[in-house]
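The structure appears below as structure tokens.
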Amino acid sequence: MHCLQLAISGLLSILWSARYLPTINADGKEGEILPPTIQKLMKGYNKYLRPFFDNGPVTVGMSLDIASIDTISEINMDYTATIFLRQRWTDERLCFEGNKSLSLDGRLVELLWVPDTFIVDSKKSFLHDITVENRLIRIYPNGTVLYALRITTTVACSMDLTKYPMDKQTCTLQLESWGYNINDVMFYWTRGNDSVRGLNTLRLAQYTVEDHYTSVSEAVYETGRYPKLIFHFDLKRNILYFILETYVPSILLVVLSWVSFWISQSSVPARVCIGVTTVLTMTTLMMGARTSLPNANCFIKAIDVYLGICFSFIFGALLEYAIAHFCTLHRTDLKDMIKDPEEEDLDMNGTINAVSRGEISKTEKIIASKNKKSQDGRCISSPMKTLHCILYCFQVKNPHHIDNYSRLSFPLCFIIVNVFYWVYYLYF
């Protein structure tokens, strides 16, 4: 009797535990019990064979929703975006009676055939899985399947930075089939250019989306020709930030360097201090402008050209004072070194006349000094004398006029260069 009771209790425990054992689904895997409609659809279904396996390619329509474009990096030449990718195709094996669609759990996608779509030029991507994998499966009575994914991807984007920060970039998002060629799968945009939505509401930090459009193409590889869908979008950089951050400070530094033209040439510390300070500040500004750009970039960018122009004007203002000060100190010395021998003869005649007037003692001293200068002049070599003559021809008779000329020439040249710079980079 005791053994019978043990046997009955053991049988009941087995039956009770079997109630909670996982069942085997239509694909031969462990899982929960599927609804009768799904069980009927899955009966004899082979997910490893594509639809219309023996009757031409299957057509897959695609559409995108751009949820966000998080970063656009000039250093890495890429952008990071979160997208909702929706794919539609018809599988004749999934037709059922009724007029309502079936929305299934995303985990049941493992029971169905799905296109092997991948993102070309993707550096890294991931499927969101909080709180569950962000996937959607919906089956319609005519066998149409809607498969939606939420993906964040970082995609390479080749950029031309020669006009930075007045540049415009064109980036793409390309979708291809990995294993099925054009004989097996065909891709198309479900609504043409309207297949991609969400860009009109995006607010990017440095860019504005000017235009976007879609295209259909084919990727040719050694293994065959594969369907490809391309989404193009044009980005225009907002220049206001760079005007306030770089252009305006550099212009103010150039104007500050011109202040020295109104300071007396005898105020050496003041003028040298202004020149050196503006040169060092401009150098710091140039180094800071390059920190956000690729170090190994061989492009000469528009901002580099402008900073180089400003640095040249600032350094030129410093050299202007050095030249003016040099001319002031050596004006009389240079004139004495290249005095004409004919003038010496005239001076000798003057001394002879002075002798006739009885100024003998004074003229003797003058004659002696003139003879000494003439002897020293004969010692100077001919090339040196020619060089001194050339320098004398270019000598400014009044060095204070250099500042007067600079007050007009420096601002005028800077305005002309700015006109050419902005016209070229904005319209060409």
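The values are calculated or read from the model by the stated rules, or taken from the named source; none is laboratory data. What you are looking at is a predicted structure, and each value in this text was computed from that prediction instead of being measured. No Cβ is skipped: glycine too gets one built from the backbone with ideal geometry, and neighbour counts run over all protein chains shown. We work out accessible area using only protein heavy atoms, side chains counted, and drop any ligands, DNA or RNA first. Shrake-Rupley method; radii C 1.70, N 1.55, O 1.52, S 1.80 Å.
Rounded to the nearest 0.05, what FRET efficiency is calculated for His401 and Tyr241 with R0 set to 56 Å and r the Cβ-Cβ distance? Don't jump to the answer; show the numbers that get you there.
Details: r = 43 Å, r/R0 = 0.76.
The computed FRET efficiency comes out at 0.85.
For Leu202, which sequence-distant residues (separation of 5 or more, or a different chain) have an amide H within less than 5 Å of its own amide H, given hydrogens modelled in the peptide plane?
Those lying under 5 Å, H to H, from Leu202: there are none.
Placing unit charges on C-beta atoms (Lys and Arg positive, Asp and Glu negative, everything else neutral), compute the dipole magnitude of segment 57-200 about its Cα centre in debye, rounded to 20. Please list the in-between numbers first.
Values: 14 positive and 18 negative charges, 70 e Å.
Its charge dipole is roughly 340 debye.
Kindly state, to the nearest 0.05, the FRET efficiency for Gln206 paired with Ile416, given R0 = 30 Å and r defined as their beta-carbon distance. If you can, show how the numbers build up before the last one.
Numbers: r = 30 Å, r/R0 = 1.01.
Once the sixth-power term is evaluated, E becomes 0.50.
What is the calculated FRET efficiency for Ile300 to Trp178, with r their C-beta to C-beta distance and R₀ = 25 Å, to the nearest 0.05?
Values: r = 40 Å, r/R0 = 1.60.
Efficiency computed from Cβ-Cβ geometry: 0.05.
Mean shadow of segment 164-304, computed from the convex hull of its alpha carbons, in nm²? Don't skip to the answer; put the middle values down first.
Working: hull surface 51.1 nm².
One quarter of the hull surface, i.e. the mean projection, equals 12.8 nm².
Kindly list the residues of segment 113-138 that lie in the label zone of Leu49, defined by a backbone N under 19 Å from the point 7 Å along the Cα-to-C-beta vector.
113-116
Got a sec? What order do Arg225, Arg88, Arg93 fall in by accessible area at 1.4 Å, biggest, i.e. largest, first? It would help to have the intermediate numbers written out before the result.
Details: Arg225 120, Arg88 100, Arg93 70 Å².
Correct descending sequence by accessible area is Arg225, Arg88, Arg93.
Using θ = phi - 60° and the Karplus relation 6.51 cos²θ - 1.76 cosθ + 1.60, list the HN-Hα couplings for segment 44-50 in order, rounded to whole Hz, with x at every Gly or Pro.
Karplus values, whole Hz, x for Gly and Pro: x, 7, 10, 6, 8, 10, 6.
Tell me the GluC sites (Glu not before Pro) within segment 89-159 that lie in a loop according to DSSP and have at most 16 other beta-carbon atoms within 10 Å. Display every interim value, and only then the final one.
Numbers: sites: Glu92, Glu97, Glu110, Glu133; in loops: Glu97, Glu133.
The qualifying sites are Glu97, Glu133.
Loop only per DSSP, at most 16 neighbouring Cβ atoms within 10 Å: give me the GluC sites (Glu not before Pro) in segment 151-259, ordered by residue number.
Working: sites: Glu176, Glu210, Glu218, Glu222, Glu245; in loops: Glu222.
Passing both the DSSP loop test and the Cβ count: Glu222.
Computed on alpha carbon atoms, what radius of gyration and Dmax characterise segment 235-331, expressed in Å?
Rg then Dmax for segment 235-331, in Å: 16.3, 60.
Under the 0.36 nm per residue contour assumption, what length would be gained going from the current alpha-carbon distance of Lys100 and Glu133 to full extension?
Values: separation 33, 0.36 × 33 = 11.88 nm, distance 2.46 nm.
Once the chain is fully extended between Lys100 and Glu133, it gains 9.4 nm.
Can you give the extra length, in nm with one decimal, that the chain gains between Thr162 and Ile323 once fully stretched, where that is 0.36 nm per residue apart less the Cα-Cα distance?
That works out to 54.3 nm of additional length.
When you count, for each residue, the other Cβ atoms within 10 Å and take the mean per peptide, how do 68-75, 401-408, 52-59 rank with the highest first? Could the numbers behind the result be given before it?
Details: 68-75: 16.0, 401-408: 14.4, 52-59: 12.8.
Going from most to least packed, we get 68-75, 401-408, 52-59.
With each pseudo-label sitting 7 Å past Cα toward Cβ, what's the Gln265-Tyr213 distance in nm, one decimal?
With each label placed 7 Å out from Cα toward Cβ, I get 6.4 nm.
Out of residues 5 or more away from Lys168 or on other chains, whose amide H comes under 5 Å of its own, with H placed 1.01 Å from N in the peptide plane?
For Lys168, whose amide H was placed from the backbone, there are no distant partners under 5 Å.
At 1.4 Å probe size, what's the solvent-accessible area of Ser158? Round to the nearest 10 Å².
110 Å²
Pairs Lys123/Lys301; Lys40/Lys100; Lys100/Lys228; Lys43/Lys228; Lys40/Lys228: which exceed 24 Å Cα-Cα?
Details: Lys123/Lys301 26 Å; Lys40/Lys100 16 Å; Lys100/Lys228 32 Å; Lys43/Lys228 33 Å; Lys40/Lys228 35 Å.
Where the Cα-Cα span goes over 24 Å, the pairs concerned are Lys123/Lys301; Lys100/Lys228; Lys43/Lys228; Lys40/Lys228.
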